[in-house]
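To start, the structure under review is shown below, and the notes come after it.
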Amino acid sequence: MGFIASALFSLTIILVAFVTFNGTTKDFIDFVAFSKHSQNDMAIIKNISEIQRQALVFTYEGYLSAAEAVHNIHSDMLEQISSVKDRDNRRVGVIERHLNAYFETFQQVEKERQLRTELVNLGFRNAATRVENNIVTYMKQLPGADVSTKKFESQRVLNRLLQVEKNVIRYFDTLDASNISIAKESITEVKRGLDSFLDREEESDSVELLRQTKHSLDTYESIFIEAVQRTRGYLFLVNVVMAAEAYEILYNAKKMIEESNREMETIEDEIISTIYNVTKFLLVTGSVMIILFVFFSYNIVRSITEPVLKLANTFHELTQGSKEAEIPLYELSDEIGSLTKAASVFKEKNRETEELLNKSLMLTKELEKNKAELERSNDELEQFVYTVSHDLKSPLVTSMGFIGIIRKLADQGKMNQAVEKLDRVVKSNERMSQLINDLLELSRVGRIDKDKKPVDLNEMLTTFKDNQQTRLERVGLTLTIKPQLPVIYANESRILQVFENILSNTVKYAVQSDSPFLEIGSKEEEDHYLIYCKDNGPGIPVQYHKKIFGLFYRLGSKQEGTGIGLTVVKKVMNFHNGEVQVESEEGKGATFWLKFPKKKE
Amino acid sequence: MSEKEVQRLLLLVEDDDDHAEIAGYYITENYRDINLMRFSDGDIAMKYLEKIGEDEDKKYPWLIFLDLKVPKYSGFEILSFLKSHRMLKRVPVVIFTTSSANKDITEAFDKGANSYISKPIEPEGFETTIRQIVDYWQTNQHMHLISSMNQ
Amino acid sequence: MNKTNRRTFLRKSASFGLGVTAALSFPNIVSGLNKKPTIKVVGTHVTLQEKLRKKAEKDLGIIIEFYPGGSAEVILKATTNPSSFDIYEQWSNSIKVLWQANAIQPIETKKLKYWSEINDLTKKGRISPKANIGLGDAPYKLLYVQDNETLGAGATDRISFMPYVHNTDSFGYNSSIIERGVPYETESWSWLLDTRYQGKVALVNAPTIGLFDAALAAKSLGLIDFDNMGNMTRKEVDELFKIMIDFKRRGHFRGVWSSVPHSVELMETGQVVIQSMFSPGVSALKGKGIPCIYAAPKEGYRAWHGVMCLSAKSAGEQREAAYMFMNWWLSGWPGAFIARQGYYISNPERSRPFMSKAEWDYWYEGKEATEPLKGTDGKVSVNPGEIRTGGSYSKRFENVAIWNTVMDTYEYTLLKWNEFVLT
């Protein structure tokens, strides 16, 4: 079944590839088409520039070849437009419209120019000549008497006429309109001149001649004006109207190119993304196919070799010493069956071995624990030795030091002073002795007097209080024993020592308070009893809470005692498997908590 | 500047009154121009040291004798304070203690002590030791430095 | 106007003393009713509107033929074939040409019924004493036919044209894109050359009009100065075109427009945001919902004056009919009609009764419109609350910078114009 699925898959891939390539091919074709269109559009632009150029040449120079060129380019452009008409682009229609308007205008221009050329070349010339001739004729047949003045005047008129001609020509050359007004003025003057002649003339022939001249002059003038108007007319058409049409064509053609380019870019992007996507798709599906193949073949093989492998695996585990290895189920009693049975035996043996191993591990652990304890004791011992030597050394230094001073004073003859110092030596030695005693006492804790029995704290402490009366009165300390103290399993004398030492400390510092008191009470918890000793002394700052239990540690060097009291307390508590903790803040009294485990030992 | 101020200031941080008395005796016996100041616990000592330079009357000492086992602040704490102080670290510190444990010696020099002397237990030992220490530091050139610091 | 009025009108015309010729010809007209006189009117689409023709025919009882055409076409026709028309309607910048071409004959002021009502703008050049006379061919300089047959400002009883429609032009801008300016203060011709609007500017395709728009813009930006903008020298023309072609090359101008519908299309499709404009174009755009504002530039307006001329070849019955037509134009109704597309008439008071108060206030007084006003196409072109840019009639004409003009360098400008358009 898996194979069928794979086959279908391959088919799908082939189909997809086929369709994509088809699409891409089409896109390519479109792309090529668009670039062809661009080419066409560029050709249109080129033609527009050329056609206008030729039109201008024709307009200003009058070359017929230029006019012909315009016609040719126009037909070319019509062809180009029809070839791109299939693109169904509205701009093409716009261009066509403008081109038609352009060409129509041009035809008008041609006509006008033609007319003007005729006017200038033929009409104007003729009219000018006629007028000139007339005047000359008139001049010629001027009679004698005032010939000179008349001749002079006529000459002047003639000159004027020639000037007109000059101005007119100048206008058509330079197209400077000031020439027109000058020309017109001159013509008016000529007219006036002729009129003055007419007034004076009597001879009918001359009058007739003059009248004719005037008439020719009018024609002359009107031709000139018509030519000017026509010139202005077609100049306007070419430079303004046609230019505008040409520009619109240019503009639209350019826009078409832009659009084509954009289309081409879009197609390009499309093609690229399509190819990319298809490639991705092919890769993915290909990989999936491979996975499927692998999966299927694997399954087939597995169904055959599975039992064998399982068994082999089991034996492998068993050899590793596993006692949890799974024995695969196998009902048949063939070779594999007996192998399975052997596997079970193997497993049992493994289990036994492990049990033995565990036992030996436990023993080893115990050994190690003992070793650790031993080491700890050694450390403690080291600590102890260090502290002792240090603290014992101090009084020794003092003694020897003062002895030295005594000797020196003696040498100097200061006998009295020397004897005074002897006291100090004695005191120092006494102290040394005390220290040694305390140490001995400490070492006895836990070694000597180790029996424990149930001790009723109420009884013990009441007796204790009585015994301490003198001491209490001396410092004005109030000792309160709370009722219902528990019965603890402990060594009585040691416990007594604990309370003694605590009381000592309290008494030592009690002088600093107004109405000093010490309260002893208890609290019961699930696994142990908590006995507290609370006073309202100066309190102990937090940083010293651990230090005070240290050997020979004293808070103030001026205090009595060796600093061993609390150390003993701690040792006793440890001996009873309990703890001692202090709760105190400077200025707020101190509470010592003694923790006794409930008898379960 | 009076004669008295030219005196060298020696600080002695020692909690044991006896030891302090003995040391003081030998110092004043042998050296006229040493001004000895004794602090009996770390707290008082720190209070003075912190105020040097701020208070007019608290001058920089020329030498410090420091016991390790003093109450309130331990000798090591004071040593660390001194040796990390911008100005005070220039003052030589002599650890003068009963302990001769290796652990203590190592820690002292780790913290920058200038020397470590165990208190002697022979009768003549105290004077000799004191004299050796003071003479040695007199040979040292640091007097001018301390004077300039005190101006 | 019904028949009774017409009769009264004719009689009244007679009593104003039209002269012997008139009295003689009237009976001819009245008696020859079965053969109506025909007049041919040549001009542009601006004034040759069908609605006007129909009303005139109805009111006057004569046949009127309109021959509208493009500006160039019309003037060519008129100058080369004066017998093809009786009345010529165009702009004052063609008067010189027509006169030079001997295509028109002087009009006698005594035959114009409303001559005395015509205001001083055309007769003296100023609408009010404090107005400035613009550069170029200000109409009053061309109005009177002098004794030496030239045109000038000296008053005579013969005029070259009958003054009727006129207006001040400027440029239009799309106020939804360009921030609205303050009339006479911030609005300026220089906006046409503002590079922010690159590629969205157009000029009217006429060297006698569009060129001045560009010249005013360039001068306002300080890019060029003229001795007399109304008659530029060749050198000044070269300089101006250099600037314009430079801008065009950089793509500043979308192009040029040749007709009002074209100008409307350009702004409507968003191809331009600012351009030369004629007043009817602005109305049309507003009617299409585009907020086009006709600016009131601080440098002053470009003004134009319409001219109605009498053909040199018109005579006899036709000529009398032509005078009738001319007088009809100033009789009131036509003035009100063209006011709705923003044009003024030379005797506004006579047209006032034909306009609603709201219309008069908006179009002539420059006051806020109190109700929607319709244009000549029947569409609403003015919404309530709008104010005519530039203010009242007199205020606008007090701020004329230049008149449309045909300069001596006209032909030269044509050539340069071609270069400009095709860059």
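Things to note:
- Listed by first and then second residue, the pairs linking a residue in the stretch B:110-128 that is within 7 Å of another protein chain (Cβ to nearest Cβ) and more than 13 Å from B:Tyr26 (Cβ to Cβ) to a residue that is of a type outside the set (A, V, I, L, M, F, W, C) and surrounded by fewer than 15 Cβ atoms within 10 Å (Cβ to Cβ), with Cβ atoms under 6 Å apart and 6 or more places separating them unless they lie on different chains, form an empty list.
- Criterion: on the phi < 0 side of the Ramachandran plot and assigned by TED's automatic domain parsing to the domain that holds C:Thr208 - qualifying residue of C:Ser116, C:Ser175, C:Ser84, C:Ser71: C:Ser175
- Any hit, the stretch B:59-66, residues being farther than 16 Å from B:Met143 by Cα, at pLDDT 85 or above and of a type outside the set (A, V, I, L, M): yes
- Comparison of B:Ser84, B:Ser99, B:Ser40, B:Ser74 shows that the only residue that is within 14 Å of chain A (Cβ to nearest Cβ) and over 15 Å from the mean Cα position of the chain (by Cα) is B:Ser99.
- Enumeration of residues in the stretch A:564-599 that are buried (at least 16 other Cβ atoms within 10 Å of the Cβ), in contact with an Asp or Glu (Cβ under 8 Å, 6 or more places away or on another chain) and among the polar types (S, T, N, Q): A:Thr591
- Any hit, the stretch C:379-393, residues being surrounded by fewer than 18 Cβ atoms within 10 Å (Cβ to Cβ), of a type in the set (Gly, Ala, Ser) and within 22 Å of the chain's Cα centre (by Cα): yes
- The set of residues in the stretch C:241-288 that are within 14 Å of chain A (Cβ to nearest Cβ), of a type in the set (A, V, I, L, M), under 17 Å from C:Ala215 (Cβ atoms) and buried (at least 23 other Cβ atoms within 10 Å of the Cβ) comprises C:Met244, C:Val256.
- Which listed residue is surrounded by 18 or more Cβ atoms within 10 Å (Cβ to Cβ), within 11 Å of chain A (Cβ to nearest Cβ) and of a type outside the set (Lys, Arg), from B:Leu63, B:Leu68, B:Leu49: B:Leu68
- From the list A:Asn100, A:Asn167, the one residue that fits, being assigned by TED's automatic domain parsing to the domain that holds A:Ala55 and modelled with pLDDT of 80 or more, is A:Asn100.
- Every listed requirement among (1) buried (at least 18 other Cβ atoms within 10 Å of the Cβ); (2) within 14 Å of chain A (Cβ to nearest Cβ); (3) among the charged types (D, E, K, R); (4) over 24 Å from C:Asp137 (Cβ atoms) is met by C:Arg319 save one, (2).
- Residues that are of a type in the set (S, T, N, Q) and either within 30 Å of A:Tyr247 (Cα to Cα) or touching a residue at least 24 places away in the same chain (Cβ under 8 Å) (or both), drawn from the stretch A:6-53: A:Ser6, A:Ser10, A:Thr12, A:Thr20, A:Thr24, A:Ser35, A:Ser38, A:Gln39, A:Asn40, A:Asn47, A:Ser49, A:Gln52
- First in the stretch A:268-291 and under 25 Å from A:Lys26 (Cβ atoms), second anywhere and hydrophobic (A, V, I, L, M, F, W, C), Cβ under 6 Å, 6 or more apart: A:Thr285/A:Ile13
- Meeting the requirement of 1 or more residues that are hydroxyl-bearing (Ser, Thr, Tyr) and within 14 Å of another protein chain (Cβ to nearest Cβ), the strands (runs of 3 or more DSSP E) wholly within the stretch C:64-175 are C:87-91.
- Restricting A:Arg232, A:Arg211 to residues that are surrounded by fewer than 22 Cβ atoms within 10 Å (Cβ to Cβ) and free of Cβ contacts under 8 Å to residues at least 60 places away in the same chain narrows the list to A:Arg211.
- Residue that is farthest from the chain's Cα centre (by Cα), among those in the stretch A:400-438 that are within 10 Å of chain B (Cβ to nearest Cβ) and among the small types (Gly, Ala, Ser): A:Gly404
- B:Tyr26 meets all of the listed conditions (1) within 14 Å of chain A (Cβ to nearest Cβ); (2) under 15 Å from the mean Cα position of the chain (by Cα); (3) surrounded by fewer than 18 Cβ atoms within 10 Å (Cβ to Cβ); (4) touching a residue at least 40 places away in the same chain (Cβ under 8 Å) but one, namely (3).
- In this structure, A:Ser154 qualifies as in a helix (DSSP H, G or I) and touching a residue at least 40 places away in the same chain (Cβ under 8 Å).
- Verdict on C:Glu365 being surrounded by 19 or more Cβ atoms within 10 Å (Cβ to Cβ), within 23 Å of the chain's Cα centre (by Cα) and more than 14 Å from chain A (Cβ to nearest Cβ): no
- Options A:Gln469, A:Gln434: the member that is modelled with pLDDT under 90, loosely packed, with under 15 Cβ neighbours inside 10 Å and under 30 Å from A:Lys393 (Cα atoms): A:Gln434
- Checked against (1) more than 22 Å from C:Ser279 (Cα to Cα); (2) free of Cβ contacts under 8 Å to residues at least 24 places away in the same chain; (3) not in a helix (DSSP H, G or I), C:Glu179 passes all but a single condition, namely (1).
- Among the conditions (1) touching an Asp or Glu at 6+ places or on another chain (Cβ under 6 Å); (2) without any contact (Cβ under 8 Å) to a residue 12 or more places away in the chain, the only one that C:Trp115 does not satisfy is (1).
- Long-range neighbours under 7 Å by Cβ, at least six apart or interchain, first residue at pLDDT 90 or above within the stretch B:45-56, second among the charged types (D, E, K, R) and crowded, with 16+ Cβ neighbours inside 10 Å: B:Tyr48/B:Lys58
- With respect to the conditions (1) closer than 15 Å to A:Gly23 by Cα; (2) exposed (fewer than 13 other Cβ atoms within 10 Å of the Cβ), A:Ile290 lacks only one, and its number is (1).
The values are calculated or read from the model by the stated rules, or taken from the named source; none is laboratory data. In this text the structure is predicted, and so the values were computed from the model without any measurement. No Cβ is skipped: glycine too gets one built from the backbone with ideal geometry, and neighbour counts run over all protein chains shown.
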